[in-house]
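Have a look at the structure below, then the notes.
The values are calculated or read from the model by the stated rules, or taken from the named source; none is laboratory data. Just so it is clear, the model here is predicted, and its values are computed rather than measured. FYI the Cβ positions are ideal-geometry reconstructions off the backbone, even for glycines, and counts take in every protein chain you see.
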Amino acid sequence: MMSINPYAMLAETITPLVIQGFVLVMLGLIVLGTILQMIHHKNVTYFFNNAKKAKLAAEREIGAGEKTAIILKTVVRDIATTAELGAGKRRVAHVLGMYGTILFWIASIVLVFGYTGQGRSVSTVWPMIWHVGAIMTCVGGYWFWLFLRVDVLAEAHPWYRIIKADLFVLALLACATTGLAWSYFQSSGSATFSYLFLVLFVTSNIVLFGGVYWSKFAHMIYKPGAAIQKNLAEADGSRDNLPPLADAPKQFGLGIKREQPKHY
Amino acid sequence: MSTFVYMTRCDGCGHCVDICPSDIMHIDENIRRAVNIEPNFCWECYSCVKACPNHAIDVRGYADFAPMGHSVRVRREEEKGTISWKIKFRNGTTKDFVSPITTKPWGKFIPKLAEGEKPNQGEINSQTLYTEPKGLNIDGELPSVPKDSFKKGVYY
């Protein structure tokens, strides 16, 4: 199962053009949803207004070289490892889900456009990446959704209580789970279940990408932007009006190891 | 004045929910980010502002009191044991202060809440706060005013 391209098997009954067209439609939905959200929520306007304010409050100019270095450092340290979440379970779960999703989506595009259809070569590596990505997404996502969501952890709500903010994570988990189930039943030759999970896989993809306007999908764009702006503001001295880092550490004791907010 | 949350900064970690002595910092039901559910009951203790690891919480001055844009922001560095304040006045003057978080030895006077007893749903929903009424050093229940004794009509 792990080394079989599920889309190649599907292409035996459906023309590859339909599968490729579906992927393109999903990409179009992401673009459309993000643009509509930008217009309605005014996130980008807020972001640039904030950047302008920071520039006015800056204590020093940052050169192009330093700016590039800060952006690269932010990408490597903050964005690639989701440093914002601190050291703990939430960060591990997010990193698992994030890299799982990236692998799953990249492998999907490569498999659909490169290895699906008659006369196309067979890859064993990319299907493996597709399956590993889906499994990582499931592990990180279910861990987060069942145990680490703040309304479960800090607000003492039950794990089965679903709110609008769950649209993104649940649709993503549905994609990965039904995708894995579809691949399993297809490779094991169970036509009924294979068809059932294919329909669920397609539906969850439509919900995930069609729901960009309503879901937290766009955090993948805004969060890195906010992290870069934060670090640039630290460097130019504006710091969103925050005080500078304390320069007298030793005299004030050994510090504190804060407890996780889980007292319910 | 009351606290508010910068949505782009908040990641919904729940530290503010945990520390708010008035129990008014909660997680929004729609966007899963922190929100002050009762600004009128906020006494600007700055607990949540200090506890926020992402500096996502700020205190808003009322327009009649601070119309020109002042700012009081704080940075708590636990590993250094410091707390720094930046006061920005309306005329642009700024003042920076650095203090120790506490002068008492770490761990001696800070209760380990995670090891304490887990409250039940009734306690979570009740009006009494953590350690109340015992922490208030009173016997029995909190004093209350029966509704029947209220004067009829609107009064403040």
Options A:VAL110, A:VAL44, A:VAL75: the member that is closer than 30 Å to A:ALA8 by Cβ and either touching a residue at least 24 places away in the same chain (Cβ under 8 Å) or of a type in the set (A, V, I, L, M, F, W, C) (or both):
A:VAL110
Quick count over the stretch B:20-45, residues being touching a strand residue (DSSP E or B) at 6+ places or on another chain (Cβ under 7 Å) and either within 22 Å of A:VAL152 (Cα to Cα) or surrounded by fewer than 17 Cβ atoms within 10 Å (Cβ to Cβ) (or both), is 12
Please specify each residue of the stretch B:23-44 satisfying the condition of being outside any helix (DSSP H, G or I), over 25 Å from A:ALA87 (Cα atoms) and free of Cβ contacts under 8 Å to residues at least 24 places away in the same chain.
B:ILE24, B:GLU29, B:ASN30, B:ILE37, B:GLU38, B:TRP43
Since A:TYR115 meets every condition but one in (1) more than 30 Å from A:LEU153 (Cα to Cα); (2) modelled with pLDDT of 95 or more; (3) in contact with a Ser or Thr (Cβ under 8 Å, 6 or more places away or on another chain), which condition does it not meet?
(2)
Taking only the stretch B:91-145 into account, find how many residues are surrounded by 10 or more Cβ atoms within 10 Å (Cβ to Cβ), modelled with pLDDT under 75 and of a type in the set (A, V, I, L, M, F, W, C).
4
The lone exception for A:ARG90 - which of (1) farther than 23 Å from B:HIS55 by Cα; (2) within 18 Å of the chain's Cα centre (by Cα) it fails:
(1)
Scanning the stretch A:211-246 for residues that are more than 11 Å from every other protein chain (Cβ to nearest Cβ) and of a type in the set (Phe, Trp, Tyr) gives A:TYR213, A:PHE217
So, A:ALA64, is that one touching a Ser or Thr at 6+ places or on another chain (Cβ under 6 Å) and not hydroxyl-bearing (Ser, Thr, Tyr) or not?
no
Only residues that are in contact with a Cys (Cβ under 9 Å, 6 or more places away or on another chain) and modelled with pLDDT of 95 or more: list them for the stretch A:137-185, please.
A:THR137, A:LEU173, A:ALA176, A:THR177, A:LEU180
Within the stretch A:152-177, restricting to residues that are assigned to a helix (DSSP H, G or I) and within 9 Å of chain B (Cβ to nearest Cβ), the one that is surrounded by the most Cβ atoms within 10 Å (Cβ to Cβ) is A:LEU153
Of the candidates A:VAL199, A:VAL207, the one satisfying the condition of being in a helix (DSSP H, G or I), more than 8 Å from chain B (Cβ to nearest Cβ) and either loosely packed, with under 15 Cβ neighbours inside 10 Å or at pLDDT below 85 (or both) is A:VAL199
Anything in the stretch B:75-100 that is more than 7 Å from every other protein chain (Cβ to nearest Cβ) and over 14 Å from A:ASP247 (Cα atoms)? List them, or say none.
B:ILE87, B:PHE89, B:ARG90, B:ASN91, B:GLY92, B:THR93, B:THR94, B:LYS95
Is there a residue being within 30 Å of A:ALA235 (Cα to Cα) and not aromatic (Phe, Trp, Tyr) anywhere in the stretch A:9-19?
no
Here is a list: B:HIS55, B:HIS15, B:HIS26. Which entry is in contact with a Leu (Cβ under 8 Å, 6 or more places away or on another chain) and not small (Gly, Ala, Ser)?
B:HIS55
Is at least one residue of the stretch B:52-61 more than 10 Å from chain A (Cβ to nearest Cβ) and at pLDDT below 85?
yes
One residue is enough: does the stretch A:229-246 have a residue meeting the conditions within 30 Å of A:ALA174 (Cα to Cα), of a type outside the set (D, E, K, R) and not in a loop (DSSP other than H, G, I, E, B)?
no
Which one is nearest to A:ALA174 (Cα to Cα), of the residues in the stretch A:52-97 that are of a type in the set (A, V, I, L, M), in contact with an Asp or Glu (Cβ under 9 Å, 6 or more places away or on another chain) and modelled with pLDDT under 90?
A:LEU85
